[in-house]
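To start, the structure under review is shown below, and the notes come after it.
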Amino acid sequence: MPNWCSNNVIMSGPIDKMRELWQKAQSNDSGLLEAMMPLGEWDYEKSIDGWGTKWDISTESLEFTEEGDKGSITGWFDSAWSPPREAFKVWSEKNKDCFAELEYFEPGAGYVGRWDSHGEDEEYDIDPDNLEEIPEDLREAWDLDTWYLDLNEAEESDEAKDIKEAGKDSGC
């Protein structure tokens with residue numbers, strides 16, 4: 001069973017190009033990654049190397065919108081183990097007139113980051129004691145302050161219980 005990586009995505013560009021991508025993602029048996037960067041029959045190594053993640057992603061929580069001569073695909077999805085940065089990098093290289101941004105949070109492995117087709121590529125290991133080292137907009141996007149505050153409080157609560165139990169056992 002994989003750790004799930006949560007992703008927010010924004011993709012935009014010429015309406016014809018974005019509509020074609022959306023239709024491919026809707027019509028094939030896989031999802032958005034196969035539409036962006038076809039690998040053919042699924043293979044673990046090809047998926048990791050080509051997409052940056054183990055499985056394709058569903059378009060279920062994504063939305064296609066049109067405004068004037070621009071089309072956009074936005075929304076969120078989960079990916080297995082890691083964000084699909086490789087697929088987005090390859091697609092962006094082939095579609096220079098488009099923009100793509102991927103923000104991601106992998107709580108099991110403890111990292112958060114952002115990649116975009118204009119050259120931003122930042123990733124941060126999450127240290128609950130130093131969350132301020134992560135840019136505020138990423139902390140807010142994933143509600144990291146609350147997430148890790150709740151986790152720390154739960155751990156402290158368990159520790160407090162252990163201390164109380166140890167005190168009872170010692171006769172204190």
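The values are calculated or read from the model by the stated rules, or taken from the named source; none is laboratory data. Keep in mind that what you see is a predicted model, and the values were worked out from it rather than measured. When we count neighbours, we look across all protein chains shown, and the Cβ atoms used for this are built from the backbone with ideal geometry, even at glycine. To get the accessible areas, we keep the full protein, side chains included, count just its heavy atoms, and leave off ligands, DNA and RNA. Shrake-Rupley method; radii C 1.70, N 1.55, O 1.52, S 1.80 Å.
Here are some notes:
- Answer residue from the range 31-46, given it is out of contact with any strand residue (DSSP E or B) (no Cβ under 8 Å at 6 or more places or on another chain) and within 15 Å of D78 (Cβ to Cβ) and is surrounded by the most Cβ atoms within 10 Å (Cβ to Cβ) among those: L33
- Within the range 110-123, considering residues that are in a loop (DSSP other than H, G, I, E, B) and not charged (D, E, K, R), the one surrounded by the fewest Cβ atoms within 10 Å (Cβ to Cβ): G119
- Filter result for L102 (buried (at least 19 other Cβ atoms within 10 Å of the Cβ), under 21 Å from the mean Cα position of the chain (by Cα) and within 24 Å of I134 (Cβ to Cβ)): yes
- Qualifying residue in the range 55-70 (condition: basic (K, R), modelled with pLDDT of 95 or more and under 22 Å from G113 (Cα atoms)): no
- Filter pass, T53 being hydroxyl-bearing (S, T, Y), open to solvent by less than 70 Å² (accessible area, probe 1.4 Å) and in contact (Cβ under 8 Å) with a residue 40 or more places away in the chain: yes
- On the stretch given as the range 75-89, residues that are open to solvent by 50 Å² or more (accessible area, probe 1.4 Å) and either of a type in the set (S, T, N, Q) or over 15 Å from L62 (Cα atoms) (or both) total 4.
- Subset of the range 103-148 that is of a type in the set (A, V, I, L, M) and touching a residue at least 24 places away in the same chain (Cβ under 8 Å) - its residue that is farthest from G52 (Cα to Cα): L144
- Filtered by the rule that a residue be of a type outside the set (A, V, I, L, M) and open to solvent by less than 40 Å² (accessible area, probe 1.4 Å), the range 65-74 gives G71, S72.
- For the range 38-85, the tally of residues that are more than 25 Å from I15 (Cβ to Cβ) and among the charged types (D, E, K, R) stands at 8.
- Hey, G167 modelled with pLDDT under 55 and either of a type in the set (D, E) or not in a helix (DSSP H, G or I) (or both) or not: no
- Selection count where residues are closer than 15 Å to F88 by Cα, without any contact (Cβ under 8 Å) to a residue 60 or more places away in the chain and open to solvent by 20 Å² or more (accessible area, probe 1.4 Å), scope the range 1-30: 1
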